[in-house]
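The values are calculated or read from the model by the stated rules, or taken from the named source; none is laboratory data. A quick note: this is a predicted structure, and the numbers were derived from the prediction, not measured. Here the Cβ positions follow ideal geometry from the backbone for every residue, glycine too, while neighbour counts run over all protein chains shown. Note: areas computed on protein heavy atoms with side chains; ligands, DNA, RNA excluded. Shrake-Rupley method; radii C 1.70, N 1.55, O 1.52, S 1.80 Å.
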Amino acid sequence: MNLKADRLVHPFEVPPVAGEAIEVADGVLWMRLPLPMALDHVNVYALDDGDSWTIVDTGFDSEKSRGIWQMLLDGPLKGKPVARILVTHHHPDHIGLAGWFQTKYGAELITTRTSWLMARMLVLDEQKAVVKETIEFWRLAGMPEDILQRRLRERPFNFADVVAPLPLGFQRIQEGSKIDIGGRSWDVHIGNGHAPEHATLWSVSNDIVIGGDQMLSTISPNIGVYATEPEADPLAEWLEACERLSEFARADQLVLPGHKLPFTGLPWRLHQLIQNHHGALKRLRAHLHNPRTAVDCFDLLFKRAIGDGEYGLALVEAVAHLNHLYHLDELQRSLDEDGAWRWQLKG
Ligand SMILES: [Zn+2]
């Protein structure tokens with residue numbers, strides 16, 4: 001395969017505005033919902049099942065999102081019912097309104113078992129203050145005391161703030177599942193690393209891939225470690241998934257991602273997504289002769305200043321890279337006087 005001949009192409013360069021849709025393939029509508037973050041939107045799709053729609057991903061649960069969905073349902077979706085919601089992974093920008101569609105419109109939820117369990121668990125776990133395990137995790141990562149104290153004064157992020165309650169019951173898809181949606185048959189392959197058991201759908205006719213956040217074109221999906229599983233190695237899972245999914249990738253498939261623009265050139269993009277992390281690991285190996293905390297590694301990993309809006313994402317991503325080298329037995333770590341891990345090359 002000549003990867004370089006098949007670089008990224010974005011066939012649709014202008015995204016749909018709120019309340020409107022762009023038909024990107026026969027019976028496949030691309031729409032967007034806003035997000036109140038640096039990454040300011042999520043892509044959602046509607047697939048035409050004839051007398052009803054299957055929606056792929058939903059946006060956050062907010063008054064604004066519900067209003068935009070109402071505009072979409074009355075406008076481009078022509079008042080036809082939404083019978084099914086397919087959710088690629090459990091993150092709130094994707095599953096946020098699934099429960100609303102289930103409860104209000106009687107739609108059926110289709111997702112992976114891990115996505116459903118994670119979302120249903122997190123939506124019930126509402127906290128008024130940051131829990132002690134998270135504080136400990138931040139300390140271990142080397143978060144400076146002033147930033148930590150500021151975060152403790154704020155209400156912590158709660159999944160339930162942006163995700164509607166999920167009623168009981170869903171239809172499970174898993175590796176190897178086959179499903180018919182919108183006049184196409186799809187093979188389900190499972191991604192990992194960005195979110196556990198992330199569904200990706202590959203049309204049997206090989207024209208379309210529903211990529212979720214497993215395959216984004218111009219930004220690298222966040223690979224993070226959290227206080228829920230502080231020793232996790234999601235980067236290993238990410239690299240394994242990208243390599244495994246590469247076997248199904250073709251340069252001419254139209255990839256429908258969770259953010260940014262639809263694209264072709266998936267084999268090249270998957271290669272790039274793998275190489276980006278190998279590059280970051282290489283920079284860590286070159287500089288960890290002297291011990292550093294995870295926060296001390298931001299400059300090596302991101303090669304730019306990290307602002308407030310991306311601090312949390314940068315922290316979990318830095319820990320992911322260090323954990324990966326640690327699990328490869330290339331690093332040792334010890335606690336410093338501030339209670340942070342200082343990571344250093346072995347030997
Ligand atoms: Zn997302």
Antiparallel bridge percentage (DSSP; both residues within the chain; nearest 5):
70 percent
Which distance in Å, rounded to a whole number, links the C-alpha centroids of the range 200-237 and the range 23-42?
17 Å
What number, rounded to the nearest 500 deg cm²/dmol, is the helix-based mean residue ellipticity at 222 nm of the chain, given -39500 (n - 2.57) per DSSP H run of at least four residues and division by all its residues?
-10500 deg cm²/dmol
Please list Glu13, Glu310 from largest to smallest accessible area, probe radius 1.4 Å, with all protein chains kept in place.
Glu13, Glu310
Calculated Rg and Dmax of the range 119-202 using C-alpha coordinates, Å:
18.7, 55
Peptides ranked, highest mean first, by Cβ atoms within 10 Å: ranges 257-266, 101-110:
257-266, 101-110
Along the range 315-321, what does the Karplus equation 6.51 cos²θ - 1.76 cosθ + 1.60 (θ = phi - 60°) give for ³J(HN,Hα), rounded to whole Hz, x for Gly and Pro?
5, 5, 6, 5, 4, 4, 5
Quick one: give the max-minus-min coordinate of the C-alpha atoms of the chain along each principal axis, largest first, in Å.
64, 52, 34
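Between Rg and the Kirkwood Rh of the range 213-258, both from Cα atoms, what is the Rg to Rh ratio? Spell out each step's value before the answer.
Details: Rg = 12.8 Å, Rh = 12.3 Å.
Using only Cα positions, Rg/Rh for the range 213-258 is 1.04.
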Contact order relative to length of the chain, as percent, for alpha carbon pairs under 8 angstrom and 6 or more apart:
16 percent
Normalised contact order of the range 192-343, rounded percent, pairs of Cα under 8 Å and 6 or more residues apart
24 percent
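Go through Lys260/Lys303; Lys128/Lys346; Lys64/Lys178; Lys128/Lys260; Lys64/Lys303; Lys64/Lys260 and tell me which ones have a Cα-Cα distance over 31 Å in this structure.
Values: Lys260/Lys303 22 Å; Lys128/Lys346 41 Å; Lys64/Lys178 34 Å; Lys128/Lys260 33 Å; Lys64/Lys303 35 Å; Lys64/Lys260 20 Å.
Over 31 Å apart, Cα to Cα: Lys128/Lys346; Lys64/Lys178; Lys128/Lys260; Lys64/Lys303.
Using the Cα centre of the range 44-132 as the reference point, and only Cβ charges (+1 on K/R, -1 on D/E), how large is the resulting charge dipole? Debye, rounded to the nearest 20.
On the way: 10 positive and 11 negative charges, 51 e Å.
The calculation lands at about 240 debye.
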All-pairs Cα distance distribution in the range 252-303, expressed in whole percent, bin size 10 Å:
21, 37, 23, 17, 3
Could you quote the convex hull projected area for the range 59-214, Cα atoms only and averaged over all directions, in nm²?
11.0 nm²
Output ³J(HN,Hα) for the range 197-205: one whole-Hz value per residue in order, computed from phi by the Karplus curve 6.51 cos²θ - 1.76 cosθ + 1.60 with θ = phi - 60°, and x for Gly and Pro.
6, 7, 7, 10, 10, 10, 5, 4, 6
Under 20 °C and 1.002 mPa s, how fast does the range 290-347 diffuse according to Stokes-Einstein, given a Kirkwood radius computed over C-alpha pairs? Answer in µm²/s, whole number.
181 µm²/s
Hey, in the GNM for the chain with a 10 angstrom Cα cutoff, which one of Val162, Val131, Val28 fluctuates hardest?
Val131
accessible surface per residue for the chain, probe 1.4 Å, DNA/RNA/ligands not counted, whole Å² -> 44 Å²
Work out from phi, with θ = phi - 60° and the Karplus expression 6.51 cos²θ - 1.76 cosθ + 1.60, the ³J(HN,Hα) of each residue of the range 96-105, listed in order in whole Hz, and give x for Gly and Pro.
x, 10, 4, x, 5, 5, 5, 6, 7, 10
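Based on Cα coordinates alone, diagonalise the gyration tensor for the range 59-105, multiply each eigenvalue by 5, take square roots, and list the semi-axes in whole Å, largest first. Mind dumping the intermediate values first?
Details: eigenvalues 62, 32, 16 Å².
One finds semi-axes of 18, 13, 9 Å for the range 59-105.
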